[in-house]
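Presented below is the structure to which this report refers.
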Amino acid sequence: MHTLISEFSRGVLAAGAAVFQVGDTGDSAYVIESGCVEVLVGAAHAQQRVAVLAEGAMFGEVALLDRQARTATVRTLVPTTLVRIDRAHVEELLVRADPVIQYLLRLLLERFRSSSAKSELPPALPPLSGHASFAPPEDLHAAAVRTLSLAHDLSDAIDRNQLDLFYQPIVRLPGGTLSGYEALVRWHHPQLGVVQPDEFIPLAEKTGLVHRIGQWVLQRATTDWPALRDTCAARDGERPFVSVNLSAPELCSPGIVEAVQRCLQTTGMDAHELRIELTETVIISSVEKVSASIAQLRAMGIGIALDDFGTGYAGLDYLQTLPFTTIKIDRAFVAHMHSSERSFQIIKSALALSQLLGISTVAEGIEDAATGTLLASMGCEYGQGYHYAKPRPLHELLAR
Ligand code: C2E
Ligand code: MG
Ligand code: MG
C-alpha cells in the first residue's frame, strides 16, 4: 500500500537539473508547482528544444502510461518545484476505472503516437506498446465496445418497443401462496438478445435515460396490474401488490411523486397495491432530497421496500427516520445461509430488526425448499426466488 507522500512527492530542483533523460524508464509523471522546464528531443550532441513548460503543466505522463523508455530529456530552467505522480498509483486507479475510460485512454494514446509519427520533429513518443500494463486486454476492450454500443442503442429501445416487463412472484412462507410480484425490466436487443437490467440500468443512470425507462416501467406495471392482480391468492387483511424498482436519479428527480400519482390516476390502480423498492444507494445519494419524496409516496398509501438489505454501507439510522414498510434481505446472504454462520446471523438480525420495527420481510433468491423452510422457521414471512418461480412476462403468467 502506497502512502500519499510516495504517490505524490514534492521536490525542489535547482536550475539546469535533469528531471529525466532520453532512454530513462518512465515510471513517474510530473506536475510543475512553480518554476519551468524545457523539453529537448534528439541525440545528446544535437538536442532541440521543443517546448518550455511552466506552472500547472504536466509532463512525462505518456511514458508512464505506455511503459516505454523516455524519448525526450526534460531539464529545469530556473529553480523548480515538481509534484511527482508514481506509476503504481496511476495503475491502481486505471485498474478500477470504467472499461470505457480505459478504452478512450488507449485511443488517445494511439492518436498521440500517430500524430507525433507524422510530425516533422523526431517523434516525441515511442510507439504504444501492446504490453503496457494498463492497456485493456481483449475482453476489457470488448466490454468497452459493448458498453459504448449499448449506451448508443438504449436511447431508441423504448421507441422501438424493445423493453419488456417481467414479473417474479413473491410468496408467503412457508406455504408458497402468491402474495404479489416484483416487476423487473428486460431489454430485447435486436442483435445481442436479452440484456439484463444489471447491465443497462447503470448505463441508463449515467446517460439520464433511466427517467424515461422508469416512467415506462411504472406505466406498464400499473396498466398490467388488473390482469396480474387476479392471479394472486386472496387473503384476509392482506392486499396483493406489485413492486417496482426505482433508482437514485429517478427518486431524486423533482417530478417523481407527481409522475407516480399520474400513473395511478390514469390506470385507476389503488396506491395501497403498489410498492416501491429502493436500495441504500438511493438513500446515501441524498437523504434530504429523497426523504421528502419517500414520505409523500408513503402518505399516498404506497409501500416502501428497502431492497438488497445488508449489502450497503449506510448506517441503520435511516430505518428509524424513513417510513419503510418492508425489508428485502439480499440473496447473497440467503444463498449462503446454510454454509456461512455470518450470513445466517445477518439474516437473523434483519428478521429481529424488522420485527422490532413492525415491518415485513422478504427473503430474496430462495433457490431450494430447505432454504424456504428454514427462513419460515426463523420468522421470515415472505420469499422470492427461483425455487418458487423465475421472472416471467405477463402473457405467460396469465396463460397458467
Ligand atoms: P433486485 O431488485 O434485487 O431484483 C432481484 C433480482 O434477483 C432479479 O434480477 C431477479 O431475477 C433475481 N433473482 C430472483 N430470484 C433469484 C434466485 O433465486 N436466484 C438468483 N440467482 N437470482 C434471483 P434482475 O431481474 O436481473 O434484476 C437485477 C437488478 O436490476 C434488480 O435487483 C434491480 O436492482 C434492477 N432492476 C430491475 N428492474 C428494474 C427497473 O425497472 N428499474 C430499476 N431502476 N432497476 C431495475
Ligand atoms: Mg428489487
Ligand atoms: Mg434485491
Antiparallel bridges, percent of DSSP beta bridges restricted to the chain (to nearest 5) = 70
Hey, what's the Cα Rg ratio for the chain versus the globular rule of thumb, 2.2 N^0.38 Å?
-> 1.33
Only helices counted: for the chain, with every DSSP H run of 4 or more residues adding -39500 (n - 2.57) and the sum spread over all residues, [θ] at 222 nm is -12500 deg cm²/dmol
Could you run the Karplus curve 6.51 cos²θ - 1.76 cosθ + 1.60 with θ = phi - 60° over region 168-179 and give me ³J(HN,Hα) per residue in whole Hz, x for Gly and Pro?
-> 10, x, 10, 10, 7, 9, x, x, x, 6, 6, 9
Once phi is turned into θ = phi - 60°, what whole-Hz ³J(HN,Hα) does the Karplus curve with 6.51, -1.76 and 1.60 give for every residue of region 287-302, x standing for Gly and Pro?
-> 4, 4, 5, 7, 5, 5, 5, 4, 4, 5, 5, 5, 5, 6, x, 6
If you look for lysine pairs in the chain that are eight or more places apart or on different chains, how many of them have Cα atoms under 29 Å apart?
-> 7
Ile304's amide H: which non-local residues (gap 5+, or another chain) put their own amide H closer than 5 Å, with H modeled 1.01 Å from N in plane and none for Pro or chain starts?
-> Ile276, Thr325, Thr326
If you average the sequence gap of Cα pairs under 8 Å that are 6 or more apart and divide by the length of the chain, what percent do you get for the contact order?
-> 12
Amide H contacts under 5 Å for Val78, restricted to residues at least 5 apart in sequence or on another chain and with H modeled in the peptide plane, are Gly16, Cys36
Applying the Karplus parametrisation 6.51 cos²θ - 1.76 cosθ + 1.60 with θ = phi - 60° to the phi angles of region 182-197, what ³J(HN,Hα) value in whole Hz is obtained for each residue in order, glycine and proline being reported as x?
-> 9, 8, 10, 7, 10, 10, 8, 7, x, 9, 9, x, 6, 9, 7, x
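Readers should treat all values here as calculations from the given coordinates under stated rules, not as data from a laboratory. Because the structure is predicted, anything quoted here is derived from the model rather than measured.
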